[in-house]
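The values are calculated or read from the model by the stated rules, or taken from the named source; none is laboratory data. No experiment lies behind these values; they were computed from the predicted model shown. Every residue, glycine among them, receives a Cβ derived from its backbone with ideal geometry; neighbour counts consider all protein chains shown.
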Amino acid sequence: MIHVAVVKGGLSSEREVSLVSGTGIANALRELNYNVSEIDMGRDVAVQLANLKPDVVFNALHGTYGEDGCLPGLLNIMNIPYTHSGVQASAIAMDKLLTKRICEPLGIPFPAHEIRTKEDILNNNFMDVPCVIKPTNEGSSNGVFVLLEKSQRQLTKQQLDLSDTYMVEPYIPGIELTSAILGDEALGVMEIQPNLGFYNFESKYAPGGSDHIFPARIVPEDLESIKELTLLMHRTLGCRGVSRADIRYDNTGSKGKFYFLELNTHPGMTPTSLVPDIAKHCKMSYHAIVDRLVKEARCD
């Protein structure tokens, strides 16, 4: 029986999401007759793995140390096959600015941006509203601020404690889209209707936080273009296993226009997560996704 260690939790601001994803993954693996160990990652993770001696690690971490290439690097050294992307792809995709610099010259559209320090933002030294302020290396919408009115511009040190560097982009009206890749195949594009304001942490993970519409209600040409460009991003960054692109679609004019925001190499696997929902519409179960990722696990 194949022994899979599900590494979840961890030390990042996305710990709670990772715990939920990891528990769901572990339960599915047990139902698939894998021998499963669950590790809440701490700084002794190498010792735990050395003691458990798993055949495969399922990387269910989000954010720092798991999604940024740190855990894949450790597993390469320990020669333990693992799911999801390797060191280089993980590290690049975690950095929104670096991802944009690599992918924009390929014809993949992104919003304009400016990079600002925490001090710049505290001193109101950034573009006019409406705009979006986000850390360059966080996920799950942590630390994201959508500023639509001038009265919202004054942020506090406590609000900006996740990062020293922020990306500021003009706010793009319209709808939220997401596009999933599994293996080397574009599964499809889903439209997201948040029920709690913009698509923030609560909208993503709270039951009823958002409605998912598949396929997205956009013109077929744009639907196909988004799928093709998502796969191009996935391949260009060297991702493997699964990834998910987040997109804004401006439908306020006579012709729609889309903008890529980022590529996630560790999309959520909670009961309300987007990739399992997209896969379900493609006749693929949650268990089938998990099983496939384990079977395709490897080191760099």
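Of 58, 110, all but one fail to be surrounded by fewer than 22 Cβ atoms within 10 Å (Cβ to Cβ) and aromatic (Phe, Trp, Tyr); the exception is 110.
Applying the set (1) without any contact (Cβ under 8 Å) to a residue 40 or more places away in the chain; (2) among the hydroxyl-bearing types (Ser, Thr, Tyr); (3) buried (at least 21 other Cβ atoms within 10 Å of the Cβ) to residue 37 leaves exactly one unmet item: (3). In the set (1) in a helix (DSSP H, G or I); (2) closer than 22 Å to residue 17 by Cα; (3) of a type in the set (A, V, I, L, M), the condition left unmet by residue 36 is number (1).
Assuming residue 16 fulfils every condition listed in (1) touching a Gly at 6+ places or on another chain (Cβ under 7 Å); (2) surrounded by fewer than 22 Cβ atoms within 10 Å (Cβ to Cβ); (3) within 18 Å of residue 138 (Cβ to Cβ) apart from one, which condition is it? The number of the failed condition is (1).
Taken as a whole, the structure leaves residue 172 outside the set of residues that are under 29 Å from residue 277 (Cβ atoms), within 16 Å of the chain's Cα centre (by Cα) and not aromatic (Phe, Trp, Tyr).
Remark: residue 52 falls outside the filter, which requires a residue to be surrounded by 23 or more Cβ atoms within 10 Å (Cβ to Cβ) and either over 19 Å from residue 142 (Cα atoms) or in contact with a helix residue (DSSP H, G or I) (Cβ under 6 Å, 6 or more places away or on another chain) (or both). Set side by side, the residues 273, 210 differ, and just one is closer than 30 Å to residue 1 by Cβ and either in the same structural domain as residue 177 (by TED's automatic domain parsing) or β-branched (Val, Ile, Thr) (or both), which is 273. Out of the residues in the stretch 141-161 that are modelled with pLDDT under 90 and buried (at least 17 other Cβ atoms within 10 Å of the Cβ), state the one that is nearest to residue 111 (Cα to Cα). The extreme case among them is 141.
To keep it simple, each residue is scored yes or no on (1) more than 27 Å from residue 29 (Cβ to Cβ); (2) in contact with a Lys or Arg (Cβ under 6 Å, 6 or more places away or on another chain); (3) among the hydrophobic types (A, V, I, L, M, F, W, C); (4) in a loop (DSSP other than H, G, I, E, B).
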residue	(1), (2), (3), (4)
262	yes, yes, no, no
271	no, no, no, yes
275	no, yes, yes, no
283	no, no, no, yes
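Screening residue 21 against (1) within 25 Å of residue 234 (Cβ to Cβ); (2) out of contact with any Gly (no Cβ under 9 Å at 6 or more places or on another chain); (3) buried (at least 22 other Cβ atoms within 10 Å of the Cβ) leaves a single unmet condition, (2).
The residues in the stretch 116-140 that are under 21 Å from the mean Cα position of the chain (by Cα) and surrounded by fewer than 18 Cβ atoms within 10 Å (Cβ to Cβ) can be counted, and the count is 0.
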